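Below is one structure, written out as C-alpha coordinates, with a few remarks after it.
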Amino acid sequence: MFKVVEWKKNTCVMIDQRLLPTKEVYNTYKDYKGVAKAIKDMVVRGAPAIGVAAAMGCAIGALDIKAKDFDEFSKKFAKVCDHLAGTRPTAVNLFWAIERMKGVAEANKGLTIAKLKQRLVKEAKDIHDDDIEINKKMGRNGAKLLKKDWTILTHCNAGALATAGYGTALGVIRAASEAGKNVKVFADETRPFLQGARLTAWELKEDNIPVTLITDNMAAHMMQKGMIDAVVVGTDRMASNGDVANKIGTYGVAILARYHKIPFYVAGPTSTIDMDMKDGSGIPIEERKTREVTHIGGKRMAPEGIDVLNPAFDVTPAKLVNAIITEKGVVTAPYKAGFKKLFAKK
Ligand code: MRU
(Lines give C-alpha, C1' and ligand atoms only; values in the text may rest on other atoms or scores of the structure.)
Protein backbone atom coordinates (compact mmCIF):
# COMPACT_ATOMS: atom_id res chain seq x y z
CA MET A 1 0.00 0.00 0.00
CA PHE A 2 1.33 3.44 -0.89
CA LYS A 3 2.22 5.98 1.83
CA VAL A 4 1.06 9.54 1.16
CA VAL A 5 3.19 11.40 3.66
CA GLU A 6 5.59 9.89 6.15
CA TRP A 7 8.11 11.01 8.77
CA LYS A 8 11.42 9.23 8.15
CA LYS A 9 14.68 10.03 9.96
CA ASN A 10 13.88 13.72 10.42
CA THR A 11 12.70 14.13 6.82
CA CYS A 12 9.26 14.13 5.21
CA VAL A 13 8.73 11.58 2.45
CA MET A 14 5.80 12.10 0.08
CA ILE A 15 4.48 10.27 -2.94
CA ASP A 16 4.57 12.68 -5.89
CA GLN A 17 0.85 12.87 -6.75
CA ARG A 18 1.57 14.87 -9.91
CA LEU A 19 3.04 11.74 -11.48
CA LEU A 20 0.30 9.28 -10.56
CA PRO A 21 -1.01 6.97 -11.87
CA THR A 22 1.79 6.32 -14.35
CA LYS A 23 4.74 6.65 -11.94
CA GLU A 24 4.97 5.90 -8.21
CA VAL A 25 7.81 8.18 -7.09
CA TYR A 26 8.61 9.15 -3.49
CA ASN A 27 10.35 12.49 -2.81
CA THR A 28 12.31 13.22 0.37
CA TYR A 29 12.13 16.73 1.88
CA LYS A 30 14.90 17.76 4.26
CA ASP A 31 13.94 21.40 4.86
CA TYR A 32 10.68 23.26 5.49
CA LYS A 33 10.95 25.35 2.33
CA GLY A 34 10.99 22.15 0.30
CA VAL A 35 7.84 20.93 2.08
CA ALA A 36 6.15 24.29 1.43
CA LYS A 37 7.02 24.12 -2.27
CA ALA A 38 5.69 20.54 -2.43
CA ILE A 39 2.36 21.73 -0.99
CA LYS A 40 2.18 24.68 -3.39
CA ASP A 41 3.13 22.57 -6.41
CA MET A 42 0.61 19.80 -5.56
CA VAL A 43 3.11 17.03 -4.88
CA VAL A 44 0.82 16.57 -1.88
CA ARG A 45 -2.77 17.78 -2.04
CA GLY A 46 -6.12 17.19 -0.37
CA ALA A 47 -7.03 19.13 2.77
CA PRO A 48 -6.04 16.65 5.52
CA ALA A 49 -2.84 15.58 3.71
CA ILE A 50 -1.81 19.22 3.33
CA GLY A 51 -2.32 19.65 7.09
CA VAL A 52 -0.15 16.64 7.90
CA ALA A 53 2.59 17.78 5.49
CA ALA A 54 2.52 21.28 6.97
CA ALA A 55 2.88 19.87 10.50
CA MET A 56 5.90 17.85 9.35
CA GLY A 57 7.27 20.98 7.64
CA CYS A 58 6.95 22.83 10.97
CA ALA A 59 8.80 20.01 12.74
CA ILE A 60 11.61 19.94 10.16
CA GLY A 61 11.87 23.72 10.36
CA ALA A 62 12.01 23.53 14.17
CA LEU A 63 14.83 20.96 14.08
CA ASP A 64 16.96 23.35 12.00
CA ILE A 65 16.48 26.33 14.32
CA LYS A 66 19.51 27.52 16.25
CA ALA A 67 18.36 29.40 19.36
CA LYS A 68 19.70 30.18 22.84
CA ASP A 69 16.29 30.49 24.47
CA PHE A 70 12.57 30.11 23.83
CA ASP A 71 12.06 33.71 22.72
CA GLU A 72 14.63 33.37 19.96
CA PHE A 73 13.24 29.94 19.03
CA SER A 74 9.70 31.25 18.96
CA LYS A 75 10.55 34.14 16.57
CA LYS A 76 12.33 31.80 14.17
CA PHE A 77 9.56 29.19 14.44
CA ALA A 78 6.94 31.84 13.59
CA LYS A 79 8.82 32.50 10.32
CA VAL A 80 8.75 28.79 9.48
CA CYS A 81 5.01 28.66 10.22
CA ASP A 82 4.25 31.79 8.18
CA HIS A 83 6.12 30.41 5.19
CA LEU A 84 4.16 27.14 5.29
CA ALA A 85 0.87 29.01 5.81
CA GLY A 86 1.49 30.99 2.61
CA THR A 87 1.24 27.96 0.34
CA ARG A 88 -2.47 27.33 -0.33
CA PRO A 89 -5.33 29.49 0.98
CA THR A 90 -8.50 27.38 0.88
CA ALA A 91 -8.01 24.18 2.90
CA VAL A 92 -8.36 25.20 6.54
CA ASN A 93 -6.56 22.04 7.72
CA LEU A 94 -3.28 23.71 6.72
CA PHE A 95 -3.84 26.56 9.20
CA TRP A 96 -5.38 24.19 11.76
CA ALA A 97 -2.24 22.00 11.77
CA ILE A 98 0.13 24.98 11.92
CA GLU A 99 -1.82 26.52 14.82
CA ARG A 100 -1.71 23.18 16.64
CA MET A 101 2.09 23.06 16.21
CA LYS A 102 2.43 26.67 17.43
CA GLY A 103 0.22 25.88 20.43
CA VAL A 104 2.40 22.90 21.37
CA ALA A 105 5.55 25.05 21.13
CA GLU A 106 4.00 27.67 23.42
CA ALA A 107 2.68 25.10 25.91
CA ASN A 108 6.14 23.54 26.19
CA LYS A 109 8.25 26.67 26.43
CA GLY A 110 9.72 25.43 29.72
CA LEU A 111 11.53 22.56 27.98
CA THR A 112 15.10 22.79 26.76
CA ILE A 113 15.27 23.71 23.06
CA ALA A 114 16.46 20.17 22.22
CA LYS A 115 13.47 18.61 24.04
CA LEU A 116 11.05 21.14 22.58
CA LYS A 117 12.14 20.17 19.08
CA GLN A 118 11.49 16.48 19.86
CA ARG A 119 8.08 17.41 21.29
CA LEU A 120 7.21 19.11 17.99
CA VAL A 121 8.34 16.08 16.00
CA LYS A 122 6.05 13.92 18.16
CA GLU A 123 3.13 16.27 17.53
CA ALA A 124 3.60 16.10 13.76
CA LYS A 125 3.68 12.30 13.93
CA ASP A 126 0.55 12.34 16.12
CA ILE A 127 -1.29 14.57 13.62
CA HIS A 128 -0.44 11.99 10.95
CA ASP A 129 -1.52 8.95 12.99
CA ASP A 130 -4.66 10.63 14.36
CA ASP A 131 -5.78 11.48 10.83
CA ILE A 132 -5.96 7.82 9.83
CA GLU A 133 -7.99 6.94 12.94
CA ILE A 134 -10.30 9.93 12.38
CA ASN A 135 -10.93 8.84 8.79
CA LYS A 136 -11.79 5.31 9.86
CA LYS A 137 -14.32 6.62 12.40
CA MET A 138 -15.77 9.00 9.79
CA GLY A 139 -15.98 6.10 7.37
CA ARG A 140 -17.98 3.99 9.82
CA ASN A 141 -20.32 6.92 10.57
CA GLY A 142 -20.92 7.64 6.91
CA ALA A 143 -21.26 4.04 5.76
CA LYS A 144 -24.56 3.84 7.67
CA LEU A 145 -26.03 6.35 5.19
CA LEU A 146 -25.27 4.18 2.17
CA LYS A 147 -27.55 1.31 1.20
CA LYS A 148 -26.56 -2.06 -0.24
CA ASP A 149 -25.76 -2.09 -3.97
CA TRP A 150 -25.78 1.71 -4.25
CA THR A 151 -23.74 3.54 -6.87
CA ILE A 152 -22.00 6.62 -5.49
CA LEU A 153 -20.77 9.61 -7.48
CA THR A 154 -17.69 11.35 -6.13
CA HIS A 155 -15.82 14.43 -7.33
CA CYS A 156 -12.07 15.12 -7.09
CA ASN A 157 -10.02 12.87 -4.82
CA ALA A 158 -11.01 12.72 -1.17
CA GLY A 159 -9.33 9.37 -0.68
CA ALA A 160 -6.30 7.89 1.02
CA LEU A 161 -4.19 10.12 -1.24
CA ALA A 162 -5.84 13.26 0.13
CA THR A 163 -5.21 12.28 3.76
CA ALA A 164 -2.66 10.38 5.86
CA GLY A 165 -4.60 7.27 4.81
CA TYR A 166 -8.07 5.73 4.24
CA GLY A 167 -9.69 8.96 3.04
CA THR A 168 -12.74 11.03 3.89
CA ALA A 169 -15.36 10.61 1.12
CA LEU A 170 -13.57 7.50 -0.14
CA GLY A 171 -13.20 6.41 3.49
CA VAL A 172 -17.01 6.34 3.71
CA ILE A 173 -17.13 4.29 0.51
CA ARG A 174 -14.33 1.99 1.78
CA ALA A 175 -16.15 1.44 5.08
CA ALA A 176 -19.41 0.63 3.24
CA SER A 177 -17.51 -1.79 1.04
CA GLU A 178 -15.84 -3.40 4.08
CA ALA A 179 -19.31 -3.75 5.64
CA GLY A 180 -20.30 -5.88 2.62
CA LYS A 181 -22.59 -3.29 1.03
CA ASN A 182 -21.30 -3.93 -2.47
CA VAL A 183 -21.15 -0.25 -3.40
CA LYS A 184 -19.90 0.95 -6.78
CA VAL A 185 -18.37 4.32 -7.63
CA PHE A 186 -18.63 6.78 -10.48
CA ALA A 187 -15.59 9.08 -10.43
CA ASP A 188 -15.80 12.49 -12.08
CA GLU A 189 -12.52 13.13 -13.89
CA THR A 190 -12.34 16.60 -12.22
CA ARG A 191 -10.99 19.08 -14.72
CA PRO A 192 -8.58 20.79 -14.85
CA PHE A 193 -6.18 18.92 -12.55
CA LEU A 194 -7.81 15.51 -13.11
CA GLN A 195 -7.69 14.32 -9.49
CA GLY A 196 -10.64 12.02 -10.27
CA ALA A 197 -9.16 10.43 -13.37
CA ARG A 198 -5.61 10.18 -12.07
CA LEU A 199 -6.03 9.60 -8.35
CA THR A 200 -9.53 8.42 -7.38
CA ALA A 201 -9.71 5.95 -10.27
CA TRP A 202 -6.22 4.67 -9.39
CA GLU A 203 -6.68 4.21 -5.66
CA LEU A 204 -10.12 2.58 -5.93
CA LYS A 205 -8.86 0.22 -8.60
CA GLU A 206 -5.89 -0.70 -6.36
CA ASP A 207 -8.43 -1.45 -3.61
CA ASN A 208 -10.68 -3.53 -5.87
CA ILE A 209 -13.66 -1.22 -5.35
CA PRO A 210 -15.64 -1.12 -8.63
CA VAL A 211 -15.08 2.29 -10.21
CA THR A 212 -16.26 3.82 -13.48
CA LEU A 213 -14.59 6.98 -14.73
CA ILE A 214 -16.77 9.68 -16.34
CA THR A 215 -15.98 13.19 -17.53
CA ASP A 216 -17.50 15.98 -15.42
CA ASN A 217 -20.15 16.82 -18.01
CA MET A 218 -21.57 13.27 -17.91
CA ALA A 219 -22.84 13.39 -14.31
CA ALA A 220 -26.22 14.96 -15.20
CA HIS A 221 -26.90 12.30 -17.80
CA MET A 222 -26.02 9.49 -15.38
CA MET A 223 -28.35 10.95 -12.75
CA GLN A 224 -31.18 11.37 -15.26
CA LYS A 225 -30.78 7.70 -16.21
CA GLY A 226 -31.12 6.68 -12.55
CA MET A 227 -27.56 5.37 -12.42
CA ILE A 228 -26.50 7.27 -9.29
CA ASP A 229 -27.99 6.74 -5.81
CA ALA A 230 -25.95 9.25 -3.77
CA VAL A 231 -23.11 11.74 -4.01
CA VAL A 232 -20.29 11.71 -1.45
CA VAL A 233 -17.55 14.35 -1.61
CA GLY A 234 -14.83 15.69 0.66
CA THR A 235 -14.28 19.27 1.72
CA ASP A 236 -11.48 21.80 2.14
CA ARG A 237 -13.31 24.10 4.53
CA MET A 238 -16.78 24.19 6.05
CA ALA A 239 -18.17 27.50 7.27
CA SER A 240 -20.05 27.53 10.58
CA ASN A 241 -23.41 27.64 8.75
CA GLY A 242 -22.60 24.44 6.81
CA ASP A 243 -21.55 26.03 3.50
CA VAL A 244 -18.91 23.76 2.02
CA ALA A 245 -15.84 24.64 -0.05
CA ASN A 246 -14.54 21.78 -2.18
CA LYS A 247 -12.94 21.19 -5.56
CA ILE A 248 -14.27 23.32 -8.41
CA GLY A 249 -17.31 21.61 -9.91
CA THR A 250 -18.69 20.33 -6.60
CA TYR A 251 -21.35 23.06 -6.49
CA GLY A 252 -22.62 22.00 -9.91
CA VAL A 253 -22.82 18.38 -8.79
CA ALA A 254 -24.79 19.45 -5.68
CA ILE A 255 -27.33 21.33 -7.83
CA LEU A 256 -27.70 18.30 -10.10
CA ALA A 257 -28.18 16.02 -7.12
CA ARG A 258 -30.91 18.22 -5.64
CA TYR A 259 -32.73 18.43 -9.00
CA HIS A 260 -32.66 14.64 -9.32
CA LYS A 261 -33.58 14.11 -5.62
CA ILE A 262 -30.32 12.30 -4.92
CA PRO A 263 -28.76 12.73 -1.45
CA PHE A 264 -25.61 14.87 -1.41
CA TYR A 265 -23.27 14.01 1.47
CA VAL A 266 -20.06 15.76 2.54
CA ALA A 267 -17.39 13.94 4.55
CA GLY A 268 -14.79 15.93 6.46
CA PRO A 269 -13.02 15.80 9.82
CA THR A 270 -13.94 18.38 12.47
CA SER A 271 -10.56 20.04 11.72
CA THR A 272 -12.12 21.14 8.41
CA ILE A 273 -14.89 23.08 10.18
CA ASP A 274 -14.04 26.79 10.44
CA MET A 275 -16.32 28.13 13.17
CA ASP A 276 -14.83 31.62 12.66
CA MET A 277 -16.20 31.69 9.13
CA LYS A 278 -19.80 32.89 9.24
CA ASP A 279 -20.71 31.55 5.80
CA GLY A 280 -19.06 30.36 2.61
CA SER A 281 -18.78 33.81 1.04
CA GLY A 282 -15.68 34.55 3.15
CA ILE A 283 -13.77 31.38 2.23
CA PRO A 284 -10.69 32.32 0.16
CA ILE A 285 -10.78 30.59 -3.21
CA GLU A 286 -7.38 29.72 -4.65
CA GLU A 287 -6.74 30.84 -8.23
CA ARG A 288 -4.26 28.54 -9.93
CA LYS A 289 -2.08 28.89 -13.01
CA THR A 290 -3.92 29.28 -16.31
CA ARG A 291 -1.69 26.60 -17.82
CA GLU A 292 -3.74 23.96 -15.94
CA VAL A 293 -6.68 24.94 -18.15
CA THR A 294 -4.93 25.61 -21.44
CA HIS A 295 -2.79 22.45 -21.37
CA ILE A 296 -3.50 18.76 -20.86
CA GLY A 297 -0.55 16.44 -20.20
CA GLY A 298 1.83 19.24 -21.19
CA LYS A 299 0.11 19.76 -24.56
CA ARG A 300 -1.56 23.07 -25.42
CA MET A 301 -5.33 22.71 -26.07
CA ALA A 302 -6.35 26.38 -26.23
CA PRO A 303 -5.17 29.27 -28.39
CA GLU A 304 -2.10 31.25 -27.31
CA GLY A 305 -3.03 34.43 -25.42
CA ILE A 306 -6.59 33.33 -24.57
CA ASP A 307 -8.08 34.79 -21.36
CA VAL A 308 -8.48 32.06 -18.77
CA LEU A 309 -9.86 31.78 -15.23
CA ASN A 310 -8.87 28.92 -12.96
CA PRO A 311 -10.56 28.97 -9.53
CA ALA A 312 -9.56 25.73 -7.82
CA PHE A 313 -12.57 25.51 -5.47
CA ASP A 314 -16.22 26.50 -5.22
CA VAL A 315 -18.70 26.81 -2.38
CA THR A 316 -21.82 24.65 -2.10
CA PRO A 317 -24.54 26.32 0.00
CA ALA A 318 -25.57 24.39 3.10
CA LYS A 319 -29.14 24.06 1.84
CA LEU A 320 -27.94 21.68 -0.90
CA VAL A 321 -26.17 19.41 1.61
CA ASN A 322 -28.22 16.52 3.02
CA ALA A 323 -25.72 15.65 5.75
CA ILE A 324 -22.15 16.31 6.86
CA ILE A 325 -20.23 13.26 8.03
CA THR A 326 -17.47 13.75 10.62
CA GLU A 327 -15.49 11.48 12.93
CA LYS A 328 -17.69 12.65 15.83
CA GLY A 329 -21.00 11.95 14.13
CA VAL A 330 -23.30 12.89 11.26
CA VAL A 331 -24.77 16.41 11.27
CA THR A 332 -27.88 17.63 9.46
CA ALA A 333 -29.29 21.17 9.23
CA PRO A 334 -29.18 23.46 11.11
CA TYR A 335 -25.45 22.94 10.84
CA LYS A 336 -24.23 25.61 13.23
CA ALA A 337 -26.04 24.02 16.17
CA GLY A 338 -24.94 20.56 15.01
CA PHE A 339 -21.28 21.62 14.79
CA LYS A 340 -21.44 23.16 18.28
CA LYS A 341 -22.70 19.83 19.64
CA LEU A 342 -19.83 18.01 17.90
CA PHE A 343 -17.24 20.32 19.42
CA ALA A 344 -18.80 19.83 22.87
CA LYS A 345 -18.22 16.04 22.54
CA LYS A 346 -14.93 14.61 23.89
O1 MRU B 1 -6.64 20.98 -5.08
P2 MRU B 1 -6.72 19.73 -4.25
O3 MRU B 1 -6.42 18.49 -5.02
O4 MRU B 1 -5.90 19.86 -2.98
O5 MRU B 1 -8.24 19.67 -3.82
C6 MRU B 1 -8.66 18.59 -3.03
C7 MRU B 1 -10.13 18.58 -2.79
O8 MRU B 1 -10.85 19.46 -3.20
C9 MRU B 1 -10.66 17.47 -1.93
O10 MRU B 1 -11.94 17.12 -2.32
C11 MRU B 1 -10.69 17.96 -0.48
O12 MRU B 1 -9.42 18.41 -0.09
C13 MRU B 1 -11.14 16.93 0.45
S14 MRU B 1 -9.86 15.76 0.69
C15 MRU B 1 -10.14 14.64 1.84
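Given their separation in residues at 0.36 nm each and the Cα-Cα distance between them, LYS148 and ALA220 gain 23.7 nm when the chain is fully extended.
Rounding to the nearest 20 debye, state how big the charge dipole of the range 24-104 is about its Cα centre with +1 on each Lys and Arg Cβ and -1 on each Asp and Glu Cβ. Let's see the in-between values first.
Working: 13 positive and 9 negative charges, 25 e Å.
Taking the Cα centre of the range 24-104 as origin, the dipole is about 120 debye.
Using the Stokes-Einstein relation with a Kirkwood hydrodynamic radius computed over Cα pairs, the translational diffusion coefficient of the range 1-159 at 10 °C and a viscosity of 1.306 mPa s comes to 96 µm²/s. Distance check, please: which entries in LYS66/LYS289; LYS115/LYS289; LYS9/LYS75 exceed 30 angstrom between their Cα atoms? From the list (LYS66/LYS289; LYS115/LYS289; LYS9/LYS75), the Cα-Cα distance tops 30 Å for LYS66/LYS289; LYS115/LYS289.
Please say if the range 256-346 is rounded, prolate or oblate, where rounded means a/c under 1.5 for a ≥ b ≥ c the square roots of the C-alpha gyration tensor eigenvalues, and otherwise the choice is prolate for a/b larger than b/c and oblate otherwise? Intermediate values should be presented prior to the final figure.
Details: a/c = 2.86, a/b = 2.17, b/c = 1.32.
Prolate, since a/c reaches 1.5 and a/b exceeds b/c.
Surface exposure of the chain, expressed per residue as accessible area with a 1.4 Å probe, stands at 44 Å².
If you roll a 1.4 Å probe over the chain with all protein chains in place, what percent of the accessible area is carbon or sulfur? The nonpolar share, carbon plus sulfur, comes to 54 percent.
The alpha carbons of the chain stretch over 68, 52, 38 Å along the principal axes, in descending order.
Inter-label distance, GLU133 to THR28: 3.0 nm, where each label sits 7 Å from its Cα along the C-beta direction. Relative to one another, the C-alpha centroids of the range 142-209 and the range 39-85 are positioned 30 Å apart.
The values are calculated or read from the model by the stated rules, or taken from the named source; none is laboratory data. Given the structure is predicted, the values throughout are model-derived calculations rather than measurements. Quick reminder, even Gly has a Cβ in these numbers, built from the backbone with ideal geometry, and neighbours come from all protein chains shown. Accessible surface areas use protein heavy atoms only, side chains included; no ligands, DNA or RNA. Shrake-Rupley method; radii C 1.70, N 1.55, O 1.52, S 1.80 Å.
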